[in-house]
Amino acid sequence: VPLLGWPLLLLPITILWLELLIHPTVALVFQAQPPAADLMDRPPRDPRAPLLTAGEWAGVVATGTAIAFGALALYGMELARGVAGREARAIATAALVLADILLTALLLSETGTRALGRNRFFWLTGAAAFGLLLVAVYTPPVTAVTGLARLRPHDWLESLVTAMLTVFGWEAVRRLGAGRRRRERRFA
């Protein structure tokens with residue numbers, strides 16, 4: 001970002017704060033998922049096989065890149081409109097947090113249609129993440145430390161739309177690609 005002449009998007013304290021939001025989500029939400037009903041009927045996983053295939057790694061990197069690009073594009077647009085650095089940083093940070101919550105919901109929904117509603121840790125960590133975001137942007141002593149600023153209603157809307165476009169947009173691209181690959185294998 002400094003190469004573009006912009007102020008830093010993520011300050012070190014913001015990165016630490018984001019990590020404190022994201023890691024409990026992964027640790028609590030996905031560990032609380034009940035195992036698949038047919039788990040004991042499946043053959044054991046090959047111990048030499050990697051935990052994630054190359055395709056799965058590519059999906060993780062592409063999803064993270066899409067979310068980061070969305071937040072960075074939003075940050076750049078805000079700066080280009082003349083929005084102050086602290087406010088633009090808060091808008092982009094809100095987009096990152098909202099995207100994390102939406103991505104978690106999307107991944108849970110893939111494990112079963114009722115998994116999202118039954119996983120209380122999703123609702124607890126999602127509410128905690130959103131609550132901490134509110135504290136980070138509306139509590140003056142905290143905003144002084146994090147370098148964030150108060151968000152107005154239209155700022156929240158921009159953050160939410162960006163989060164939705166990056167998460168659900170990338171998911172649509174991923175599903176279209178998977179469908180195309182299935183069709184190509186069928187006709188090959």
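The values are calculated or read from the model by the stated rules, or taken from the named source; none is laboratory data. Quick caveat, the model's predicted, so the values are computed rather than measured. Every residue, glycine as well, gets a Cβ built from its backbone with ideal geometry; the counts of neighbours run over all protein chains shown.
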* Asked: Out of the residues in region 1-59 that are more than 25 Å from the chain's Cα centre (by Cα) and among the charged types (D, E, K, R), which is nearest to Asn119 (Cα to Cα)?
  -> Asp38
* To do: Considering each residue of region 150-170, count those that are assigned to a loop (DSSP other than H, G, I, E, B) and either within 23 Å of Val29 (Cβ to Cβ) or more than 21 Å from the chain's Cα centre (by Cα) (or both), and give that number.
  => 2
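Considering Thr14, Thr25, which residue is in a helix (DSSP H, G or I), polar (S, T, N, Q), modelled with pLDDT of 85 or more and under 27 Å from Ala129 (Cα atoms)? Full working, then the answer.
On the way: Thr25 fails: modelled with pLDDT of 85 or more.
From the options Thr14, Thr25, the qualifying one is Thr14.
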* To do: State whether the residues of region 62-69 include one that is modelled with pLDDT under 90 and either crowded, with 16+ Cβ neighbours inside 10 Å or among the hydrophobic types (A, V, I, L, M, F, W, C) (or both).
  => yes
* To do: Scan region 125-145 and report the pairs whose first residue is farther than 16 Å from Leu98 by Cα and assigned to a loop (DSSP other than H, G, I, E, B) and whose second residue is at pLDDT 95 or above and of a type in the set (A, V, I, L, M), with Cβ atoms within less than 6 Å and a gap of 6+ or a chain change.
  => none
* Restricting to region 73-87, what's the tally of residues that are farther than 18 Å from Val173 by Cβ, touching a residue at least 24 places away in the same chain (Cβ under 8 Å) and either of a type in the set (A, V, I, L, M, F, W, C) or not in a helix (DSSP H, G or I) (or both)? -> 3
* Asked: Any residue at all in region 31-54 that is at pLDDT 85 or above and touching a Phe, Trp or Tyr at 6+ places or on another chain (Cβ under 9 Å)?
  -> yes
